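Asks: Quick one: the structure is below, and I'll ask about it shortly.
The values are calculated or read from the model by the stated rules, or taken from the named source; none is laboratory data. Treat the numbers as computed from the prediction; the structure is a model and nothing was measured. Note that each Cβ is placed from the backbone with ideal geometry, even for glycine, and that neighbours are counted across all protein chains shown. What goes into the accessible areas is simple: the full protein's heavy atoms, side chains included, and nothing from ligands, DNA or RNA. Shrake-Rupley method; radii C 1.70, N 1.55, O 1.52, S 1.80 Å.
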Amino acid sequence: MADLVSFDMKDALLQIEKLESKVRYEQDNLALITELLELYNKTGKPEKAKFAAEQGLHQFQRNQLSASQGLRLVEAALEHWKLIKYTKKDSMRVNLSKERSSVLTEIKECLIILARMNDPKLKQRINFHLAYVKECLGSFQDALSLLSDLITVQASDGVELSFIILRAAILLQHLSGHAQALEYLEYLVDD
């Protein structure tokens, strides 16, 4: 997969063509679907990304073969969900469609499955993503609980601890935990 520095649109479109023809014959291949979803996200193809995200998330829910593959799919699906946040490219109107909401719900279901798989290498990243999804769904207390657990174990797997503390402070502020939110923010300033 090309990284962001050397991303070439022409190569990406050729790669998409190849992957689309492979997926026709290997519709259950989660790795292909995930790679295709990542390319759709990078090339700005939200309709195709939506289909790939739905297909991949449903496929993972049926066959949870690998936690690392499932996490990669969930991260690509979250990227798609963030990319379709607004109704138009330069608009501030948030997309509140049922389709966007259902993508987030499917992501949450996959994250719960991933958490049950109990992979120690991926546990912190999975819990961080699950906290974000729960926060987006309005479950602030559940999200705060997950973030607090990550703070307690000094999480560092793929996410900066300062960022986790900042997210927790914001949630505490929403839940009227002003004193503890200030403590978290003071810790960040001292850090």
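Asks: Looking only at the stretch 61-75, which residues are part of a helix (DSSP H, G or I) and aliphatic (A, V, I, L, M)? Quick ask: steps written out before the conclusion?
Replies: Step one: filter the stretch 61-75 for residues part of a helix (DSSP H, G or I), giving 61-62, 67-75.
Listed by number, the residues that qualify are ALA67, LEU71, LEU73, VAL74.
Asks: Do the conditions hold for ILE107, that is, is it within 28 Å of LEU13 (Cβ to Cβ), modelled with pLDDT of 90 or more and not in a loop (DSSP other than H, G, I, E, B)? Please lay out each step first, then the result.
Replies: On the way: within 28 Å of LEU13 (Cβ to Cβ): yes; modelled with pLDDT of 90 or more: yes; not in a loop (DSSP other than H, G, I, E, B): yes.
Taking the combined requirement at face value, the residue satisfies it.
Asks: Answer with yes or no whether TYR132 is open to solvent by 60 Å² or more (accessible area, probe 1.4 Å) and of a type in the set (Phe, Trp, Tyr).
Replies: no
Asks: Kindly list the number of the only condition in (1) in a helix (DSSP H, G or I); (2) over 18 Å from the mean Cα position of the chain (by Cα); (3) of a type in the set (S, T, N, Q) that fails for GLN154.
Replies: Every condition holds for GLN154 apart from (1).
Asks: Of the conditions (1) surrounded by 18 or more Cβ atoms within 10 Å (Cβ to Cβ); (2) closer than 22 Å to SER176 by Cβ, LEU114 fails just one. Which one is it?
Replies: (2) is the only condition that LEU114 fails.
Asks: I'd like to check something: does the stretch 127-138 contain any residue that is part of a helix (DSSP H, G or I) and over 30 Å from ASN63 (Cβ atoms)?
Replies: Scanning the stretch 127-138, I find no residue that is part of a helix (DSSP H, G or I) and over 30 Å from ASN63 (Cβ atoms), so the answer is no.
Asks: Could I ask something else about it? With respect to LEU161, is the statement that it is closer than 18 Å to GLU109 by Cα and open to solvent by less than 50 Å² (accessible area, probe 1.4 Å) true?
Replies: Values: closer than 18 Å to GLU109 by Cα: no; open to solvent by less than 50 Å² (accessible area, probe 1.4 Å): yes.
No.
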